[in-house]
1. Whole-Hz ³J(HN,Hα) for each residue in the stretch A:36-49, computed from phi via Karplus 6.51 cos²θ - 1.76 cosθ + 1.60 with θ = phi - 60°, x for glycine and proline: what do you get?
2. Quick one: in the stretch B:91-174, what % of C-alpha pairs are over 14 Å apart?
3. With a 1.4 Å probe and all protein chains kept in place, how much accessible area does A:GLU192 have, in Å² rounded to the nearest 10?
4. Using the alpha-carbon centroid of each, what span in Å lies between the stretch A:141-220 and the stretch B:238-276?
5. Order B:SER183, B:SER251, most accessible first, counting only protein heavy atoms with a 1.4 angstrom probe.
6. With the crude spin-label approximation of a point 7 Å out along Cα→Cβ, what separation in nm comes out for B:ASN226 versus A:ASP130?
7. Using helices alone, what [θ] at 222 nm do you get for the protein assembly as shown, with -39,500 (n - 2.57) per DSSP H run of 4 or more residues, divided over all residues and rounded to the nearest 500?
8. Using a Gaussian network model of chain A with C-alpha springs under 10 Å, which one of A:VAL76, A:VAL117, A:VAL47 is most mobile by mean-square fluctuation?
Amino acid sequence: MYTSKNSSSKNSPILEARNICKYYDMGDTRITAVKNASLSVYPGEFVAIVGKSGSGKSTLMHMIGLLDTPSEGEIVLNGHLTKNFKENQLANIRNSEIGFIFQAFNLLQRTTALDNVILPLTYSNVPKADWNKKAIDMLTMVGLGNRLYNRSNELSGGQKQRVAIARALINNPSIILADEPTGNLDSKTGTEIMELFLHLNTQGKTIVLVTHDDDLAEIAQRKVVLRDGEIINQ
Amino acid sequence: MRVSETLRTSIRSLGLNKVRSFLTMLGVVIGVFAVISLIALGRGMQNYISEQFDALGSNLLFVMPGRMDMTADPARNFARNKLEKKHVDMINTYASEYVENVAPHIEIGEKIRYKTKTFNAGVIGSSYVGKDMYNFDVKEGSFFTKTDETTKSRVVILGPEVVKKLFPNRSPIGETVKIGDDSYKVIGVFKEKGRAYDEQVIVPYTTLSDTFDIKNYGSISIKVRNAQDVDTATKQIRSALLRDLKPDDFSVMSQKDILSTINSILGILTSFLGAIAGISLLVGGIGIMNIMLVSVTERTREIGLRKALGATSKNIAFQFMIEAILLSIGGGIIGLLFGYLASFVARSFIRAEIPIWSIILALGFSMVVGVLFGTYPALKASRKDPIEALRYE
Ligand SMILES: Nc1ncnc2c1ncn2[C@@H]1O[C@H](COP(=O)(O)OP(=O)(O)OP(=O)(O)O)[C@@H](O)[C@H]1O
Ligand SMILES: [Mg+2]
């Protein structure tokens, strides 16, 4: 069975993709979204995955986040092969080890910021008595201590993304996976969000950022460039 | 995920679409309401009939024309009515051992008129011994006598409801009322006994049979001397009548027999109507399934997100299942309340009653409807691929 997030030492990767491929068979034609990609993410790293639209960034991110299964190759998380994990094991790992952040925020509609942040806790083993305090602390940390009870439709884009970041962090995951987190924001708000990511990284969070914007990628320590599904540079 | 948390989530989701949730519940509300109020009314009818029989004296036997076991067409029983004067004499002659009194019974519906006022009453033709047999209490005036019976005199005893209508605030004794085209002298008023009785008037059967040219008796009532002899008396009366009639021409029934026959007819009727009402519950269930399927499609992204954040397929299925069950149980409870209210209102006319088993049945059935029709949408939701769900727009 899968063991805790603390089992990885500083110099073994949290996450390792070994020659993963993703195909989509559409009748006679086969679309290759990701081709033979290998990638390791070490604790505390800030990695940017860049590439043009359609180059396979999201597909790659979904696979390393255990949301999608590779057609070929292996994903290794904290030294464990994930290939034979059952659906509910994968769900548990996504819940406790991985924090997803999406371009479209994906908050629950007409639900308070607090309840949105609590959502991952409802699928965890954290005692219910701790939920509110944890979520309030996390929202305060991302700068929304004064917006706890506002519903998602009452928040600005930047605030929504902060709620989403708090939600991703709430279970203290090993790794944060963010797919175009500033894609729906103006540049000023986008910059603020990026500063928040940098801040989180200095606090020791491991972050993988997916973006098509080369300038944003400059913030990261390491850039992985994708073209037509292949990693051409890392 | 905890059950309480799933419940909270489901209630919140339903609350986001209040009108839709309510309309979806309405199908089940109507179904449960129909089932409950029909059962309550059926019960009320049974209670009503039992009361009518309780109001009669005990030790009574009834000879009815035709067979009374529901195997024959009831209309035919009336058409072949062969009960007449000689059968009353036969009972008096051959079964006198246990029999105290015998009274023929004729009943017609006719207008009673006094000056400009009319009342649609049941006109009963009975014997002078009927007063003791049926425990009629005359509160004013007197019952008719043997002489009235033999001379076919035009006298009538009115039920209290008839008096209220025709003679408000005054005594009718000595007045003349018209039944059909003939005038009758009012000689008595009954004490209140029960709605059906209070709207009747009674005249000597000889008079009624003569005036309206009725040869056959609707039934013959017999008072048995002792309650423990009812069974023996029944046998004796039957064999007395078999001297003239065929077994299919008549039946001898005790109050208990009649009551259980009526109750079983009402029981069948009630369950039949209840079953029809149950079908509307099924229709309500289909409505729930329909809306749940719409909801699953609308919330595709939410499902994808929940899976990304750690929900298992089971969690998702459970959440949608609970929503469907909440809709059906909620509808069931509201329908039950309305049914209860309806039976409460009906109680001023009839002693309607909601048996506990019908409450359990209605709620159990609506729960089953929720599970039945919630399963498919819940499975559909749980099987959504998180990636496709997140890409859904
Ligand atoms: N379900 C699918 N069926 C068929 N092809 C798909 C499917 N999902 C993705 N693809 C294809 O895979 C390729 C990679 O898609 P992906 O979404 O990973 O690109 P991306 O780099 O994230 O692009 P963007 O920057 O626009 O988000 C695209 O060509 C896309 O059309
Ligand atoms: Mg993408």
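1. 6, 8, 10, 7, 10, 10, 9, x, x, 6, 10, 10, 10, 9
2. 71 percent
3. 70 Å²
4. Using only Cα atoms, the two centres lie 82 Å from each other.
5. The ranking, largest first, comes out as B:SER183, B:SER251.
6. For the pair B:ASN226/A:ASP130, the computed spacing is 8.6 nm.
7. After summing the helix terms and dividing by the residues of the protein assembly as shown, the value is -15500 deg cm²/dmol.
8. Top of the fluctuation ranking is A:VAL76.
The values are calculated or read from the model by the stated rules, or taken from the named source; none is laboratory data. Remember, it's a predicted structure, so these values are computed and weren't measured experimentally. Every residue, glycine among them, receives a Cβ derived from its backbone with ideal geometry; neighbour counts consider all protein chains shown. What goes into the accessible areas is simple: the full protein's heavy atoms, side chains included, and nothing from ligands, DNA or RNA. Shrake-Rupley method; radii C 1.70, N 1.55, O 1.52, S 1.80 Å.
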